[in-house]
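> Pasting a structure here, questions to come.
The values are calculated or read from the model by the stated rules, or taken from the named source; none is laboratory data. Everything numeric here is computed off the predicted structure, so don't read it as measured data. Neighbour counts run over all protein chains shown; Cβ positions are idealised from the backbone, glycine included.
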């Protein structure tokens, strides 16, 4: 019977594989937290850029009340395209 179940003291002293198990348990949680922080920052930055583009359109409309919807949409779109290019990482080979 002693061969089938090792004593509790012997199991406590045996730490082989403990680091791998701890890593396997902690790594997904840590990765989720890090990516969550990054995505939250990215979303806040994107929201700020959209607000800035809308403010730009309102400034254009205030200075030129004859501006058409197409003019305002072009200004907002061009601002957002330029800002999105600044946020993207391009890999050129």
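> Taking segment 64-93, which residues are modelled with pLDDT under 85 and not in a helix (DSSP H, G or I)?
Hits for segment 64-93 are 88, 89, 90, 91, 92, 93.
Conditions (1) out of contact with any helix residue (DSSP H, G or I) (no Cβ under 8 Å at 6 or more places or on another chain); (2) in contact (Cβ under 8 Å) with a residue 40 or more places away in the chain; (3) surrounded by 11 or more Cβ atoms within 10 Å (Cβ to Cβ), marked per residue:
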residue: 26; (1), (2), (3): yes, no, no
residue: 33; (1), (2), (3): yes, no, no
residue: 37; (1), (2), (3): yes, no, no
residue: 53; (1), (2), (3): no, no, yes
residue: 74; (1), (2), (3): yes, no, yes
